[in-house]
2 protein chains.
Amino acid sequence: MKIMKVETNRLGQAKDEFIAQWGALGTQWGISRTMAQIHALLMISPRAMCTDEVMEELAASRGNAHSNLKELVNWGLVRMIVIKGDRRDFYEAEKDVWQIFTIIARERKRREIEPALSLLNKCAEETKDLRSAEAKAFHNQVKQLEEFVGFASKMSDRISSMKHGLALQLATKILS
Amino acid sequence: MKIMKVETNRLGQAKDEFIAQWGALGTQWGISRTMAQIHALLMISPRAMCTDEVMEELAASRGNAHSNLKELVNWGLVRMIVIKGDRRDFYEAEKDVWQIFTIIARERKRREIEPALSLLNKCAEETKDLRSAEAKAFHNQVKQLEEFVGFASKMSDRISSMKHGLALQLATKILS
DNA sequence: CATAATTTTCATTAAATACTGAAAATACAG
DNA sequence: CTGTATTTTCAGTATTTAATGAAAATTATG
């Protein structure tokens with residue numbers, strides 16, 4: 001085993017724990033454990049990594065590493081990097097927290113809010129001219145949900161498109 | 001088959017679609033399909049329902065209906081109701097959208113934000129006095145995440161504890 | 001107390017999701 | 001073109017999560 005300072009070892013342990021736990025959290029957030037682990041690994045890596053390094057670090061299969069890297073690039077949380085004179089693809093994570101937040105917010109809106117909103121639109125529309133008391137009650141409830149979710153959708157857009165500084169300013173006002 | 005007005009049938013179809021689709025959405029939100037379906041069913045039901053009615057409406061098993069009803073009561077999205085002269089337990093959903101929102105926000109914070117925050121706290125703490133450049137970079141990245149997530153946590157609390165009207169006022173300001 | 005209605009539990013089964021590893025496809029260098 | 005490094009795909013397997021249904025426990029009723 002390589003000789004190393006106690007400090008280096010402590011750092012390694014902290015990193016490993018971070019990666020392992022971030023992976024576990026990922027499953028709570030609806031993304032696969034490996035995807036969250038790769039994200040954690042790259043967020044704290046001082047340099048871009050290639051597929052084999054990721055595989056080794058996480059003891060994951062090639063297919064798994066590959067598809068999750070692709071997915072992360074898709075989300076925009078990770079960028080592919082070309083290093084000249086090297087045929088391999090390298091990957092590095094977006095590290096700015098506000099960027100990370102807006103990317104995740106956009107994705108969640110797309111997956112969680114928009115489909116709900118379109119369902120609510122449809123149900124409200126389909127029942128808007130029914131006259132029975134029961135139908136009116138249904139229409140009313142759906143309408144309330146529709147308005148709220150529509151609101152949430154707009155809010156999400158607005159906040160995501162803010163500059164970090166401006167958002168911070170707004171947040172400070174709310175927290176004060 | 002029972003004779004019914006066209007209107008009644010249209011309403012029934014809209015309800016069925018709403019329940020089915022809300023269930024499908026539930027899986028995106030990290031809750032089981034049945035739980036989301038029961039929630040939808042009760043949100044649009046004009047009266048409280050007993051376990052057997054829920055089972056029948058959703059073609060779900062007793063155990064499934066039971067455990068998901070229990071879970072919904074646990075969240076606070078559904079209340080158990082006692083009807084005198086009837087031994088069965090009845091259930092009714094919270095219908096106020098702002099209430100629904102705050103309940104879900106609280107639960108999500110508990111499951112998604114708090115564990116992340118405690119991990120970040122721990123990792124920042126464990127590396128705060130390491131001096132290598134690599135350690136400092138790690139500590140710095142974790143710290144940034146910690147600050148942001150801590151911020152999000154406070155925001156979530158603040159907004160959830162607002163009265164609907166006040167939140168609306170705030171939102172209007174942001175959207176304007 | 002006996003019994004009937006209802007709720008609760010839980011071992012088993014089914015369904016959904018994530019991962020593996022090897023083979024096929026692609027890209028590049030000589 | 002040929003051989004090699006690398007990426008991509010995907011059928012098969014493993015893991016995780018949700019649902020079933022029947023049995024046990026509980027609760028009310030006469």
Among (1) under 24 Å from B:R88 (Cβ atoms); (2) within 15 Å of DNA strand D (Cβ to nearest atom); (3) not in a helix (DSSP H, G or I), the one test that B:R47 misses: (2)
Residue tally, condition in a helix (DSSP H, G or I) and open to solvent by less than 50 Å² (accessible area, probe 1.4 Å), over region B:21-38: 10
From the options B:S160, B:S132, B:S156, residue that is open to solvent by 30 Å² or more (accessible area, probe 1.4 Å) and of a type in the set (S, T, Y): B:S132
Condition broken by A:A93, with the remaining ones in (1) surrounded by 16 or more Cβ atoms within 10 Å (Cβ to Cβ); (2) touching a strand residue (DSSP E or B) at 6+ places or on another chain (Cβ under 8 Å); (3) away from chain B (no Cβ under 12 Å) satisfied: (3)
Criterion violated by A:E56 - all others in (1) within 20 Å of A:M80 (Cα to Cα); (2) within 14 Å of chain B (Cβ to nearest Cβ); (3) open to solvent by 60 Å² or more (accessible area, probe 1.4 Å) satisfied: (2)
Enumeration of residues in region A:62-83 that are open to solvent by 60 Å² or more (accessible area, probe 1.4 Å), more than 17 Å from the chain's Cα centre (by Cα) and within 10 Å of DNA strand D (Cβ to nearest atom): A:R62, A:H66, A:M80, A:V82
Candidate set: region B:96-119, residues that are free of Cβ contacts under 8 Å to residues at least 40 places away in the same chain and of a type in the set (G, A, S); chosen: the one most open to solvent (accessible area, probe 1.4 Å): B:S118
Hits in region B:44-72 (condition: in contact with an Asp or Glu (Cβ under 8 Å, 6 or more places away or on another chain) and either more than 11 Å from DNA strand C (Cβ to nearest atom) or of a type in the set (A, V, I, L, M, F, W, C) (or both)): B:S45, B:P46, B:R47, B:A48, B:M49, B:C50
B:E112 vs. criteria at pLDDT 95 or above, within 16 Å of DNA strand C (Cβ to nearest atom) and within 30 Å of B:N140 (Cα to Cα): yes
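The values are calculated or read from the model by the stated rules, or taken from the named source; none is laboratory data. Because the structure is a prediction, the values reported are computed rather than measured. Cβ coordinates were reconstructed from backbone atoms using ideal geometry, including for glycine residues, and neighbour counts include every protein chain displayed. Protein only, heavy atoms only, side chains kept; ligands, DNA and RNA dropped before computing areas. Shrake-Rupley method; radii C 1.70, N 1.55, O 1.52, S 1.80 Å.
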